Amino acid sequence: MEDWWTQWLINLGRSQSLLVETLDIVLVLALTYMILVIISERRTLWMVRGFIILMLASAISSRLHLQLLNFVLEKLVIGCAVAMAVALQSEFRRFLEQLGRGEFRQLFQPSRLAVPKSDSVIDEIVDAVKELSKNRIGALLILETTGPIDERDFSVPGVKLNAEVSKELIQTIFQPKTLLHDGATLIRGSRIVASGIILPLSGRTASRQLGTRHRAAMGITERVENCICVVVSEETGSISLAERGTLNRPLTITKLKESLEARFSPTVDRENVAPDLLSLGRQIRGKALALISRLLGLPSTASRRDKK
């Protein structure tokens with residue numbers, strides 16, 4: 001009886017250890033998936049892969065008791081983590097905001113692909129910017145990309161318009177004597193959603209040549225990744241494009257049109273690096289069933305279809 005009790009306790013301890021190890025692996029996989037969701041683009045995926053390889057190497061060296069190698073790898077992991085936090089600060093800011101708001105579901109949802117804009121909408125925007133630049137009238141346009149912007153990201157939401165995009169309306173909004181010319185105008189799809197929006201300013205040290213509009217464009221694109229901003233300088237008439245906190249200036253009208261067409265083209269490769277959880281679950285389930293069928297000697301689904 002005592003031997004049975006001892007054996008039962010040993011088995012219970014092994015089961016608990018296996019459960020803890022399984023939970024540890026699942027949590028690491030979930031964290032890795034969230035990081036891929038945060039990145040949302042392939043251009044930074046290689047950097048994250050290198051970081052994950054460093055962490056795995058550090059864990060393996062610790063298990064093998066390679067003290068000096070483990071010491072060096074740990075310092076490299078810490079340095080790379082700091083570098084990634086700086087390089088991906090807007091993504092990590094969004095992650096912390098969603099975590100603080102309790103939006104846990106959004107943490108596992110890949111960002112949507114860029115919403116294509118019709119050529120007519122891009123032409124209207126470009127024509128309006130061309131006239132504003134020619135007349136040296138300051139302007140700030142916010143163009144949504146992958147989804148609606150939360151109004152809480154604005155300092156002041158502005159005045160609702162919900163009007164069709166047209167060059168005449170855009171030029172009218174930014175005329176110096178109108179009440180809405182000082183703020184930003186939000187464009188969603190082919191609609192002008194609101195005007196007179198006050199945006200948070202960027203905290204980065206900017207050139208003295210950059211005015212409030214440029215700092216506001218940098219500020220909102222730092223804070224929100226699903227938008228870009230077109231800025232027209234009131235002093236010089238120069239055109240700038242802000243994305244992810246970076247200001248590309250000065251731009252010609254031709255270059256601006258090419259940038260907008262490239263950004264909103266449905267054929268541009270902007271695949272999400274993290275698949276949707278439902279499709280991922282289906283893939284895992286299909287592979288698991290195929291593996292079980294192979295081990296048990298059962299015919300696979302594909303072979304059953306062929307027989308039919």
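For the pair Ile53 and Glu164 in one chain, pulling the backbone fully straight at 0.36 nm per residue adds 35.0 nm over the alpha carbon distance.
Is the shape of the range 145-247 rounded, prolate or oblate, going by the alpha carbon gyration tensor and its root eigenvalues a ≥ b ≥ c, with a/c under 1.5 for rounded and a/b larger than b/c for prolate?
Details: a/c = 1.65, a/b = 1.17, b/c = 1.41.
Oblate is the answer for the range 145-247, as a/c is 1.5 or above yet b/c matches or exceeds a/b.
Name the residues whose placed amide hydrogens come within less than 5 Å of the amide hydrogen of Cys227, ignoring near sequence neighbours (fewer than 5 apart) on the same chain. Those qualifying (amide H under 5 Å, at least 5 residues apart or on another chain) are Thr145.
Each value in this text was obtained by applying a stated rule to the coordinates, not by laboratory testing. Given the structure is predicted, the values throughout are model-derived calculations rather than measurements.
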